[in-house]
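First up is the structure itself, then whatever we jot down about it.
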Amino acid sequence: MRPLATFSGGCCFVDATFSPSPRPSPARRGGAHAVRLAKRTFLLPAVRCCLIAIVAFSSFGVLGQGESVVVLFNSALPESRAVAEHYAKVRSVPADHLIGLPLPEGHTITRHDFTAKLEQPLAAELTNRKLLNGKTASIRYLVPCWGVPIRVDKDDALEEEGRREAPSSLRRNEASVDSELAMLPQLGQAPKRFGIVANPVYKQSDAKQISPANGVLMVARLDGPSAELAKRLVDRAIVAERDGLWGRAYVDLRGLTDGPYKPGDDRLRRVGEITRRSGFTTVVDEQPATLPVGYPASQIAFYAGWYGINVEGVFAESTVEFMPGAVAYHLHSFNGSMIRDAHARWIGPFVRKGATATFGSVYEPYLQLTPDQPLFFSRLIQEGYSFGEAGYAATRALSWQTVFVGDPLYRPFGRAPEVLRADLAKRNSPMLEWFHLLGVNQGLAAGAPAKAAIAHLQQLPDTKQSAVLQEKLGELLSADGQAESASMAYAAAARLSTSPKQKQRLVAELARLQK
């Protein structure tokens, strides 16, 4: 196994900073401006909870962006076309935005074939259809579908000016197909093929600036172990955009306190802070091993962890409790190298088990050049970016190794909280319990007293019939030293729960309290 290397080629490690008070950006109205983060407050009996929410942007948001997308499929594979047509139907993509090219099958394409059969023909089609010509474009996203190659093989015979003088770690020219295609707006500038090209929109705080006008076409693919699973990525995204992305966050660290890999732990730890402060119940595991088989990982909305080459532990179980819209990321050098394998690496298994969006590397990326995970999750959760926007805002290097798998239009936090709550209540949706939990968690994260949260949950009518809220009540009562009341809440949660993993956790808590 080749370890995840640290990079010593002259680039420093850059981390996103996380502020307890998120920095607002200009409000988006009708697609003309970037989304802003709004801190909405609402008063509950005896407790004031801060609900961090994204302002709705109805005409730019969930369903109206089909014209900003081009869908690419392998015309040699009928299944690839089927994925493209399914996506186009769901997202209302115009027919002339679907492009089929005869491409090699398999994960890997040679550098020659990439240029001759994919990059150049695609650029020509985009120009002919007046969709993209250099930095002039009517589109922002490219969606390669199952069957389009994933990685460009190295070409040791390709000599370019400056390659021999570059650090050895950056003389490589193997790359992610998608990372190369993201540079189509710069194609006329004859970009080099070796090493990295700095992403001009890295750390961009205005989502609308992530566009061909600034040198980047956002590329994320619908892919996975089968064409049918690839289709489900957009289907799951639509469900989460309608009902909200709810559940728990799991962050799996290695417990590192020093050494060259500690920055990896530091990054993921900040991801946990972001999800916690955003109101998601967050579990942070400090053990060196990955989350083991049998771990009570229930109702997963977010997962971020490391470091195994192939899927293992709880994610190798036959069923993984991914919630609709779940975002999963496992940091490893080759986590995205075999996307169409249901059992190898991580991305393929994540898609097979029910994740909606994930990302990784097709070849060794070096730790510092993997996507900035705290920046990705903060843009997605706190600033309302789409999956594609968050991904490219968090990506430091293009013409490199990153691949994003999922619908780039997927925007899980695109509805105003009051609108979403009213809709969930009208439909009597089971997701409404998570809305209540989010408010309680955000209030606690903002400093509200636990006793006030207990009182609120005890008075809230929905608590009686909610396994999620009863578990939260039990957790708060237990921490407050009220063991008997906590046991009653946990027992009620266990009776109500339909989640095997939640029941497992509740049984363990009841046993602990009865000792």
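Structure values in brief
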quantity	calculated
Sparse-neighbour loop sites [GluC sites (Glu not before Pro); segment 64-148; at most 16 other C-beta within 10 Å; DSSP]	Glu105
Fewest-first ranking of Thr498, Thr127, Thr108, using other Cβ atoms within 10 Å as the exposure measure	Thr498, Thr127, Thr108
Spread of Cα-to-Cα distances over 20 Å intervals beginning at zero, given as percent, for the chain	23, 56, 19, 2
Beta bridge orientation in the chain: antiparallel %, DSSP, nearest 5	40
Selection of trypsin sites (Lys or Arg not before Pro), segment 86-194, meeting DSSP coil and at most 11 other Cβ within 10 Å	Lys130, Arg164
Fully extended contour minus Cα-Cα distance, from Ala450 to Asn128, at 0.36 nm per residue	109.7 nm
Distant-in-sequence amide H partners of Tyr295 (H built 1.01 Å from N, under 5 Å)	Val314
Values of log10 I(q)/I(0), in the order q = 0.12 Å⁻¹, for segment 417-513 under a Debye, Cα-only, solvent-free model	-0.38
Total formal charge among the other residues, if their Cβ is under 11 angstrom from that of Gly391, Lys/Arg +1 and Asp/Glu -1	-2
All aspartates and glutamates inside 18 Å of Lys231 as judged from Cα atoms, apart from same-chain residues fewer than 8 positions distant	Glu79, Glu85, Asp223, Glu241, Asp341, Asp407
Under Karplus coefficients 6.51, -1.76 and 1.60, residue-wise ³J(HN,Hα) of segment 350-367 in Hz, glycine/proline x	4, 4, 4, 7, x, 5, 9, 8, 7, 7, x, 10, 8, 9, 3, x, 6, 3
Cα→Cβ-extended label distance, 7 Å offset, between Leu158 and Ala508, nm	4.8
Sorted by Cβ neighbour density within 10 Å, fewest at the top, the residues Glu418, Glu364, Glu180	Glu418, Glu364, Glu180
Rounded to whole Hz, the Karplus (6.51, -1.76, 1.60) HN-Hα couplings of segment 144-150, x for glycine and proline	x, 10, 2, x, 7, x, 9
Cα pair distances of segment 393-458 binned at 5 Å [whole percent]	3, 12, 15, 15, 13, 13, 9, 9, 7, 2, 1
Filter on Lys130/Lys192; Lys130/Lys208; Lys262/Lys501; Lys117/Lys154; Lys203/Lys262 - keep pairs with C-alpha separation over 28 Å	Lys262/Lys501
Under the Karplus curve 6.51 cos²θ - 1.76 cosθ + 1.60, θ = phi - 60°, whole-Hz ³J(HN,Hα) for segment 405-416, x wherever Gly or Pro sits	10, x, 6, x, 7, 4, 10, x, 10, x, 10, 4
Test item: Cα-centred dipole of the chain, Lys/Arg +1 and Asp/Glu -1 on Cβ, debye	1200
Gain in span if fully extended, Ala95 to Ala289, counting 0.36 nm per residue against the direct Cα distance	65.0 nm
FRET efficiency, Gln465 to Glu228 (Cβ-Cβ, R0 41 Å, nearest 0.05)	0.70
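No lab work stands behind these numbers, since they all come straight from the coordinates. Note that the coordinates shown come from a computational prediction; the quantities given were computed from them, not determined experimentally. Every residue, glycine as well, gets a Cβ built from its backbone with ideal geometry; the counts of neighbours run over all protein chains shown.
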